[in-house]
1. Looking at the range 122-158, which of the residues that are basic (Lys, Arg) and surrounded by 19 or more Cβ atoms within 10 Å (Cβ to Cβ) is modelled with the lowest pLDDT?
2. Please determine, by comparing only the residues of the range 192-243 that are under 23 Å from the mean Cα position of the chain (by Cα) and acidic (Asp, Glu), which one is most open to solvent (accessible area, probe 1.4 Å).
3. Every residue in the range 266-286 that is assigned to a loop (DSSP other than H, G, I, E, B), open to solvent by less than 20 Å² (accessible area, probe 1.4 Å) and not charged (D, E, K, R), please.
4. Could you say whether any residue in the range 179-191 is of a type in the set (Phe, Trp, Tyr), open to solvent by less than 40 Å² (accessible area, probe 1.4 Å) and in contact (Cβ under 8 Å) with a residue 40 or more places away in the chain?
5. Within the set of pairs 6+ apart or on separate chains, which have a first residue in the range 56-77 that is within 12 Å of Val37 (Cα to Cα) and of a type in the set (S, T, N, Q), a second that is open to solvent by 80 Å² or more (accessible area, probe 1.4 Å) and assigned to a strand (DSSP E or B), and C-beta atoms under 8 Å apart?
6. Pick from the range 162-178 the residues that are within 16 Å of Leu267 (Cα to Cα) and not in a loop (DSSP other than H, G, I, E, B): which of them is most open to solvent (accessible area, probe 1.4 Å)?
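The values are calculated or read from the model by the stated rules, or taken from the named source; none is laboratory data. Source: prediction; values computed, not measured. Note that each Cβ is placed from the backbone with ideal geometry, even for glycine, and that neighbours are counted across all protein chains shown. Ligands, DNA and RNA are excluded from the accessible area calculation, which covers all protein heavy atoms including side chains. Shrake-Rupley method; radii C 1.70, N 1.55, O 1.52, S 1.80 Å.
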Amino acid sequence: LLATSIMALAGVAMQAGAQSVGGRVTSSTSGLGIAGVRVEIFRDDNKTGEATTGANGEFQIANVAAGVFRACLQAQGYVSTEGRCPGRTFEVSSDKAAQIEFTMTPMGVITVHVVDASGKPVAKARVLVSGAGLGGLSLIGKPDGESGRFRVQPPLSGPWLVSATAPGSVPPPESSHDGKLVWVRTFYPRAATRDLAAPVSTVPGTETAIEIKLLAAEPSHIRGVILDQAGEPVSKANVTLAERDVGPSLPERSSTQSDGSFEFGSLAARDFVLSAVAEKDGVKLWASHPVRIEDRDPETIRDRKSVV
């Protein structure tokens, strides 16, 4: 009975020492409260409470013990001005509720209007917004019905490279010569290669509207030979050709012949990453190579494989 009484008293003492953590999350551009922000508080690396802001951006977390905490904020379309998990800490005392204020910045929006060679909207184009630096983040545009407009909300101000690719359901324009044309992945404002693209930057809380008129060109081919470290042809190697920045989501695939040769045809894009994987004498081999196709010039490459 004595032990039970002591445990009960300890529980009452803990509840009496606990306080609430309240506050408000506002927009850095408008000063208004932001609804629907998920606020999580941590002590060391352990989450001790969470809440979601109401219509005025206010939140409250009850029964928080005394100590030093940090908060993490998440909201659709916003980033914290101090990062997703702010470094600023706050203290909760045993005799006073804590009040903390945070600000978040609305992400800028890029609206892309994609049209064909005659100016008609292309509703099912593939729009990609990627970081201007190598290895940057890539985002896919969300279509707005059949208007040919796409909406992207990058998490940072940029710079960003915006490109569009026509769907297979849209026929390319007719050639003025006897040759056949294919659509080319087109960078803003109207470039077939990444290095000729104009970067687009976003401003927090604003919309940047651009238009891309798709380009078409004569189809190109890539032919090559895969060799091992000794310079011998590698047969049955799996060869993948992916557009630069798009990655393995929509690659072309092939397999080498007995002489190590391969071929890709009717290619529209201009910048690729070619990779090959094979196994020879029980050793796994892998290699990759950047490839650029110039207009009307087939490109032949010879690639020496590396041991993994």
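1. Quick first cut of the range 122-158, residues basic (Lys, Arg) only: 124, 126, 142, 149, 151.
The next check asks that each one be surrounded by 19 or more Cβ atoms within 10 Å (Cβ to Cβ); those that pass are 126, 149.
Working: Arg126: 90, Arg149: 94.
Per the criteria, the residue is Arg126.
2. Glu207
3. Within the range 266-286, just Ala269 meets the criteria.
4. yes
5. Taking only residues 6 or more apart or on different chains, the pairs are Gln74/Arg38.
6. Among those that are within 16 Å of Leu267 (Cα to Cα) and not in a loop (DSSP other than H, G, I, E, B), it is Thr165.
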